[in-house]
Amino acid sequence: MKIADLRKEYSSKSLDIKGMNQNPLEQFKAWFKEAIHSEIIEPNAMHLATVKKNNRPTGRVVLLKDVDNGFVFYTNYESNKGRELEENPFASLTFFWPELERQVRIEGTVEKTSAKESDDYFLSRPYESQIGAWSSPQSKAIPDRKFLEQKKEEMENKFKGKDLIRPSHWGGYRVTPYEIEFWQGRPARLHDRISYHLDEGGNWILTRLAP
């Protein structure tokens, strides 16, 4: 089969602007709850897009860890995405839940979470994940897999019998949105798209977009 022949007809749900919450973060939480109840594999997996210094976009999938006034994820600050966000503190997030025939796109400004937030989350992680944060020079070139295994062993010996603390190069980011779009698949590719954007007064304006 040709790639161009791959098709899926979307028909399970519809999206009415009148039924949307006036706050897109609350609307997201409602959809996210549905995604969890639908037993989607890693419903918190989201595509994070950033921009390099040369203005070329780059992307990867990371995991959402909290939703408050923004969308929170954690990573190595010295990674490629960390350096890109330091240079250009804007990002785009995309969630795709095919089982629900839904997508959410988010654009926003980015800032680091507080040290306390990062500490609290780091200490809530499994021990192996904590050691991993100390062991991996994320995005750096390494000679082989053995290098990582040796670094892990070194860190395990270093912290043996001690409480682990968060490394200073690791922590959280919060994407505070200024635009969020909710997409619901519909038949004949005439999908429902409802966009929220902030006006100058800080109010969310809802708009239906053509698919």
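Looking across segment 70-86 at every residue that is hydrophobic (A, V, I, L, M, F, W, C) and crowded, with 20+ Cβ neighbours inside 10 Å, the one that is farthest from residue 168 (Cα to Cα) is identified as 71. Residues of segment 147-170 that are over 28 Å from the mean Cα position of the chain (by Cα) and closer than 28 Å to residue 58 by Cα: 147 alone.
Answer with yes or no whether residue 83 is at pLDDT 95 or above, touching a helix residue (DSSP H, G or I) at 6+ places or on another chain (Cβ under 6 Å) and among the basic types (Lys, Arg). No, not satisfied.
Every residue, every condition in (1) surrounded by 12 or more Cβ atoms within 10 Å (Cβ to Cβ); (2) of a type in the set (Val, Ile, Thr), yes or no:
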{"site": "21", "(1), (2)": "yes, no"}
{"site": "31", "(1), (2)": "yes, no"}
{"site": "40", "(1), (2)": "yes, yes"}
{"site": "48", "(1), (2)": "yes, no"}
{"site": "56", "(1), (2)": "no, no"}
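Residue by residue, here is whether (1) aliphatic (A, V, I, L, M); (2) farther than 16 Å from residue 139 by Cα holds:
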| residue | (1), (2) |
| --- | --- |
| 43 | no, yes |
| 60 | no, no |
| 85 | yes, no |
| 88 | no, yes |
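Selection over segment 1-14 of residues that are assigned to a helix (DSSP H, G or I) and within 25 Å of residue 210 (Cα to Cα) gives a count of 2.
Listed here are the residues, each with its yes/no results for (1) touching a helix residue (DSSP H, G or I) at 6+ places or on another chain (Cβ under 8 Å); (2) of a type in the set (Asp, Glu); (3) modelled with pLDDT of 95 or more.
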residue: 57; (1), (2), (3): no, no, yes
residue: 76; (1), (2), (3): yes, no, yes
residue: 79; (1), (2), (3): no, no, yes
residue: 90; (1), (2), (3): no, no, yes
residue: 93; (1), (2), (3): no, no, yes
residue: 103; (1), (2), (3): no, no, yes
residue: 116; (1), (2), (3): no, no, yes
residue: 124; (1), (2), (3): no, no, yes
residue: 154; (1), (2), (3): yes, yes, no
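Only one entry of 8, 2, 13 meets the criterion of being farther than 20 Å from residue 93 by Cα and surrounded by 13 or more Cβ atoms within 10 Å (Cβ to Cβ), and that entry is 13. Inspect segment 85-94 for any residue being under 14 Å from the mean Cα position of the chain (by Cα) and without any contact (Cβ under 8 Å) to a residue 24 or more places away in the chain and give the result as yes or no. Scanning segment 85-94 turns up no residue that is under 14 Å from the mean Cα position of the chain (by Cα) and without any contact (Cβ under 8 Å) to a residue 24 or more places away in the chain.
Hey, can you tell me all the residues within segment 111-156 that are in contact with a Pro (Cβ under 7 Å, 6 or more places away or on another chain) and either under 24 Å from residue 71 (Cβ atoms) or of a type in the set (Gly, Ala, Ser) (or both)? Scanning segment 111-156 gives 111, 133.
The values are calculated or read from the model by the stated rules, or taken from the named source; none is laboratory data. Remember, predicted model here, so these are calculated numbers, not experimental data. Methodologically, a virtual Cβ is constructed for each residue, glycine included, from the backbone with ideal geometry; neighbour enumeration extends over all protein chains shown.
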